[in-house]
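Contents: one structure, followed by commentary.
The values are calculated or read from the model by the stated rules, or taken from the named source; none is laboratory data. The structure displayed is predicted, hence computed values, not measured ones. All Cβ positions, glycine included, derive from the backbone under ideal geometry; neighbour counts span all protein chains shown.
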Amino acid sequence: MEDLSSQTKELRADIIRMITAAGSGHPGGSLSVIDLLAVLYAKHLRHDPKKPDWPGRDRLVLSKGHACPALYAVLAHRGFFPQEELMTLRKLGSRLQGHPERHRLPGIEAATGSLGQGLSMGLGMALAAKMDGADQRIFVVTGDGEMQAGQVWEALMAAPKFKLDNLTLIVDCNNGQIDGHVNEIMALDPLAEKLKSFNWDTRTIDGHDLAAIDGALSAVKTVKGKPQAIVARTIKGKGVSFMEDNIAWHGKAPNQEECERALKEILHG
Amino acid sequence: MAKATREAFGEALVSLAEKFPQMVVLDSDLSKSTMTVDFAKKYPQRHFEFGIAESNMIGAAAGLALYGKVPVCTSFACFLIGRLETIRVAVTLNGANVKLVGTHAGLGIGDDGASQMGLEDVAAMRSLPGMTILQPGDALEARQAVEWMLQHRGPVYLRLTRQKLDDVHRPDYKFECGKLDIVWEPEPKAKHFQATVLASGGTVGGAVNAAKELLPKGFAVRVVNAGTLAPFDVDSVEDFAKDSERFVTVEDHNIVGGLGSAACEAAASLGMGKPVVCLGVRETGESGLAAQLYDKHGLSAPHIMEACIRNLS
Ligand SMILES: Cc1ncc(C[n+]2csc(CCOP(=O)(O)OP(=O)(O)O)c2C)c(N)n1
């Protein structure tokens, strides 16, 4: 984990650098989700950057597609594409689109950006893997604001019905969305109880505690007969003090000065 | 002064709030982008935040309307049209007096990329009987279109830009629903036009620039603003067909089903044999700056000029 914790600093720094270079993007939700993605890719998600289409791979659907800078940073670090390419984010002709697109960039499993759709797509992948008797696992990451979308609850009903124990939902609960805090805009809590009552194996963790993330991702693999949900309590903008729990940083790029301050905190703080 | 039509919309809501006491505003976690946030602050009793749940918002808007309120529902154009079937049944089948306001239309949203670009919304909305579709070409028109929309009884879709638009209308402009209006013609007025260009929303300014550049090259081109996309002004198309060699349409929308299609349908139904050259988006959209994307996808002034003078035979 020691190693991983220095890696997450690098990943956070990349998120800040690439959004600054792009001049737009979503730092808050990228910084809240990065620890979850880092542990998932480092220790749990079976993948091969040299063979991104390997049929036996596990799959991740980043349903909160606006947080793709976090995913792009992880994919680059794992070797899916050159790290220099991160600085092309959102530019005309870049493979790193403002929201992820599978046909443009290796490692992206599904186009997202319209919130609420990812869990259904993940469910379909999990269903297909079951049909083929494959042992792959499907992971879906949503935002907590995203959980307000009706389609998510349709999928939440369907996954237990199909006994999809190969499907894991990770909810990045940073309590932030655009117009305000989730608990004011359209409250979800008690979210874990709701998920349990929908028949999901549910656990709540600190989404910035690397060991806790690792533990939860190990535990879900042992669950039989039902899908699993990990409610990850996170901080929007985590790692940059002036962005933390500050709604203004949902979808705004830092300027050069802010970028330097943020990098200093992340790398030397 | 250049202004985004979404900004003019936000200002109009506040200034018209007292005149239309039944108006209520519904949001789905984008109020700072759709610019309803000032209205929400000033009239919290008349503002409802639904969160990231557009279907529920639109369904509830229909209910509010069926009870007698005048709901204005906002989101990005792409997320509203994502709920087409709700709009189809709850809104248009009921004839519910719902005002749907889709902002960040088309490529104009820029670097957020394809998933955030409403590029099919006009096509879908045009296929719904009873839906009036407005797309103002500048802030002045936007303000008046909002007022018209609020006094009109029936479903309306108002399509607005993220990007700033230059003024294309004179200060004495009066919005008329269902009318194509001429925004630029050579002075003195030509008897015969190389082309009549129909543009709407984000493309009107580029069309005017194209026409101005073509004049010294010896081509008289008229630029018409299509502020109402449905119902479509076939009578004016007939008038323009009499003195124009061709029509050119240019829209920040998929080439299928929008302004170009409306113009083709009108021109064909008139049987006057005038060709229609359609400029519009043929792909899914992508990240980039709005101006870069207009260039790359064939919507900017040089493309419009070429479409006006290209040999068609
Ligand atoms: C269907 C849909 N509606 C609206 C949006 C615009 N939007 C982008 S991000 C966002 C807020 C997301 O909040 P949350 O899911 O909590 O993500 P996070 O806070 O982790 O960034 C919204 C409303 C969208 N992308 N999709």
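Tabulated results
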{"quantity": "Among the residues listed as B:Ala139, B:Ala190, B:Ala124, the single one being surrounded by fewer than 21 Cβ atoms within 10 Å (Cβ to Cβ), touching a residue at least 12 places away in the same chain (Cβ under 8 Å), outside the structural domain of B:Asp239 (by TED's automatic domain parsing) and not acidic (Asp, Glu)", "calculated": "B:Ala124"}
{"quantity": "Strands (runs of 3 or more DSSP E) completely within segment B:1-86 that count 2 or more residues being crowded, with 19+ Cβ neighbours inside 10 Å and within 11 Å of the ligand (Cβ to nearest atom)", "calculated": "B:70-76"}
{"quantity": "Selection status of A:Ala262, within 14 Å of chain B (Cβ to nearest Cβ), more than 13 Å from the ligand (Cβ to nearest atom) and either touching a Ser or Thr at 6+ places or on another chain (Cβ under 7 Å) or modelled with pLDDT of 95 or more (or both)", "calculated": "no"}
{"quantity": "3 or more residues farther than 24 Å from A:Met147 by Cα: qualifying helices (runs of 4 or more DSSP H) within segment A:21-136", "calculated": "A:68-78, A:118-131"}
{"quantity": "Residues (under 18 Å from A:Pro27 (Cβ atoms) and within 14 Å of chain B (Cβ to nearest Cβ)) located in segment A:56-70", "calculated": "A:Leu62, A:Lys64, A:Gly65, A:His66, A:Ala67, A:Cys68, A:Pro69"}
{"quantity": "Flag for B:Asp111 being touching a residue at least 24 places away in the same chain (Cβ under 8 Å) and over 21 Å from the mean Cα position of the chain (by Cα)", "calculated": "no"}
{"quantity": "Test: residue in segment B:112-127 that is part of a helix (DSSP H, G or I), in contact with a Pro (Cβ under 6 Å, 6 or more places away or on another chain) and either within 14 Å of chain A (Cβ to nearest Cβ) or modelled with pLDDT of 95 or more (or both)", "calculated": "no"}
{"quantity": "A:Ser24 among the polar types (S, T, N, Q), within 14 Å of chain B (Cβ to nearest Cβ) and surrounded by fewer than 19 Cβ atoms within 10 Å (Cβ to Cβ)", "calculated": "yes"}
{"quantity": "Subset of segment A:118-138 [of a type in the set (Gly, Ala, Ser), more than 16 Å from the ligand (Cβ to nearest atom) and free of Cβ contacts under 8 Å to residues at least 40 places away in the same chain]", "calculated": "A:Gly124, A:Ala128, A:Ala129, A:Gly133"}
{"quantity": "Test: residue in segment A:191-206 that is surrounded by fewer than 24 Cβ atoms within 10 Å (Cβ to Cβ) and within 13 Å of another protein chain (Cβ to nearest Cβ)", "calculated": "no"}
{"quantity": "Pick from segment A:144-154, criterion without any contact (Cβ under 8 Å) to a residue 40 or more places away in the chain and crowded, with 23+ Cβ neighbours inside 10 Å, ranking: nearest to the other protein chains (Cβ to nearest Cβ)", "calculated": "A:Ala149"}
{"quantity": "From A:Val171, A:Val141, residue being under 25 Å from A:Lys226 (Cβ atoms), surrounded by 20 or more Cβ atoms within 10 Å (Cβ to Cβ), within 14 Å of another protein chain (Cβ to nearest Cβ) and within 13 Å of the ligand (Cβ to nearest atom)", "calculated": "A:Val171"}
{"quantity": "Number of the exception - A:Ser94 against (1) within 22 Å of B:Gly113 (Cα to Cα); (2) within 12 Å of another protein chain (Cβ to nearest Cβ); (3) within 16 Å of the ligand (Cβ to nearest atom)", "calculated": "(3)"}
{"quantity": "Qualifying residue in segment A:230-246 (condition: more than 15 Å from the ligand (Cβ to nearest atom), over 25 Å from A:Leu119 (Cβ atoms) and either in a loop (DSSP other than H, G, I, E, B) or under 15 Å from the mean Cα position of the chain (by Cα) (or both))", "calculated": "yes"}
